[in-house]
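Each remark here refers to the structure printed beneath this line.
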Amino acid sequence: MLLDCGNGVFSKLRRYRDYTKVDTVVISHLHADHFLDLVPFSYALTYAPRQQPMPVDRWPGTDSPARPKLFAPRGATEFFRRVVGAWGNEDLIENAFDLKEFSPDDVIEVGTMRFTFQDVPHFTETFAIDIASTNGGGRITYGADCSPNEALVEFARETDLLIVEATLPRPERTGIRGHLTPSEAAEHAMRANVKRVLLTHVSDELDELWVQKCAGKVFPGPVAVAREGAVYETSGFVVPRAAAQPAPQPVASAT
Ligand SMILES: [Zn+2]
Ligand SMILES: [Zn+2]
């Protein structure tokens, strides 16, 4: 399962997983940094040699090309048509994926994961997403992008791992608020009594240690700043070195 698919994600995903093995993609809101790489992902699913019905080069051909489920907020179908329609193939994403628009009250089950949604305040309709294991594997709550709000505190209550944005080095000075500072993110975690916090949506041009310290002053439990390639578990932080997987190989080869 892939949660959000912003710019740069698809090429990074390919370092760790075979993209044709992704069952489901869930999108929290329709901002470019959360959905834009659905475009290269869709091109890969559509045009990859091993996704074709006829044998090509080293690939044997397939009658059942991968077509992952894609859950996105209401209005996503029309929205994606406008984005890719800008250069002419407006049905690219809905053809490549099995696209379904979710409503805030929906409960989606994918394998042993149960997804629920909570509206949070941001510049466009945005959902925090809770992923609960149905076989005792714990619970992860993802805050998406949001300004300070009470709904996320209630939604994340007692969760094992809160993944929360800590975008701002200081609160927005003017206009409508849309994001959190590291201390605000930690304050949500503390009030929700979560077990551990993973700060995300942080610029790599900020000092990671400063971000972690700001949050650590407010939240008494374990706090980490998300790193590419790292693994975080609901039972405790594990941050091994990134283990890239080799590219998938053809299952048959021609002479
Ligand atoms: Zn956003
Ligand atoms: Zn964002």
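The values are calculated or read from the model by the stated rules, or taken from the named source; none is laboratory data. The shown structure was predicted, so the numbers you read here are calculated from the model rather than taken from an experiment. We place every Cβ from the backbone using ideal geometry, glycine too, and count neighbours over all the protein chains shown. When the accessible area is computed, the model is the full protein with side chains, heavy atoms only, and any ligands, DNA or RNA have been set aside. Shrake-Rupley method; radii C 1.70, N 1.55, O 1.52, S 1.80 Å.
The figures follow:
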item: Relative contact order, percent, region 42-144 [alpha-carbon distance under 8 Å, six or more residues apart]; result: 17 percent
item: Apportionment of accessible area to carbon and sulfur, region 83-167, percent (1.4 Å); result: 48 percent
item: Extension reserve of the Asp23-Glu205 stretch, reckoned as 0.36 nm per residue once the Cα distance is removed; result: 62.2 nm
item: Pairwise label distance in nanometres, Glu150 with Asn193, each label 7 Å out on the Cα-Cβ vector; result: 1.8 nm
item: Coordinate range along principal axes, alpha carbons of the chain, Å, largest first; result: 63, 38, 37
item: C-alpha center-to-center spacing [region 2-67, region 73-104] in angstrom; result: 15 Å
item: Length-normalised contact order of the chain in % [C-alpha pairs under 8 Å, at least 6 apart]; result: 14 percent
item: Charge dipole magnitude, Cβ of K and R +1, D and E -1 - region 94-168, Cα centre, debye nearest 20; result: 280 debye
item: Debye log10 I(q)/I(0) at q = 0.10, 0.14, 0.20 Å⁻¹ for region 10-110, Cα point scatterers; result: -0.29, -0.56, -1.07
item: Whole-percent pair-distance distribution, where bins are 5 Å wide, for the alpha carbons of region 32-87; result: 4, 16, 22, 21, 14, 12, 9, 2, 0
item: Cα principal axis extents for region 166-214, largest first, Å; result: 32, 24, 15
item: Heavy-atom SASA rank of Asp37, Asp23 (probe 1.4 Å, accessible area, largest first); result: Asp23, Asp37
item: Rg ratio (alpha-carbon, reference 2.2 N^0.38 Å) - region 13-53; result: 1.26
item: All-pairs alpha carbon distance profile, region 59-151, 5 Å steps from 0, percent; result: 3, 12, 16, 17, 18, 15, 10, 6, 2, 1, 0
item: For the chain, size of Cβ-based charge dipole, Lys and Arg +1, Asp and Glu -1, in debye; result: 700 debye
item: Debye, to nearest 20: dipole size of region 27-160, +1 on Lys, Arg Cβ, -1 on Asp, Glu Cβ; result: 500 debye
item: Positive-pole candidate from Ser133, Ala96, Thr234, dipole of the chain, charges at beta carbon; result: Thr234
item: Relative contact order (%) - criterion: Cα under 8 Å, at least six apart; region: region 3-64; result: 31 percent
item: Label-point separation, Thr112 to Val231 (7 Å along Cα→Cβ), nm; result: 1.5 nm
item: Heavy atoms of Glu172 accessible to a 1.4 Å probe, total area in Å² rounded to 10; result: 50 Å²
item: Per residue solvent-accessible surface (Å²) - the chain, probe of 1.4 Å; result: 51 Å²
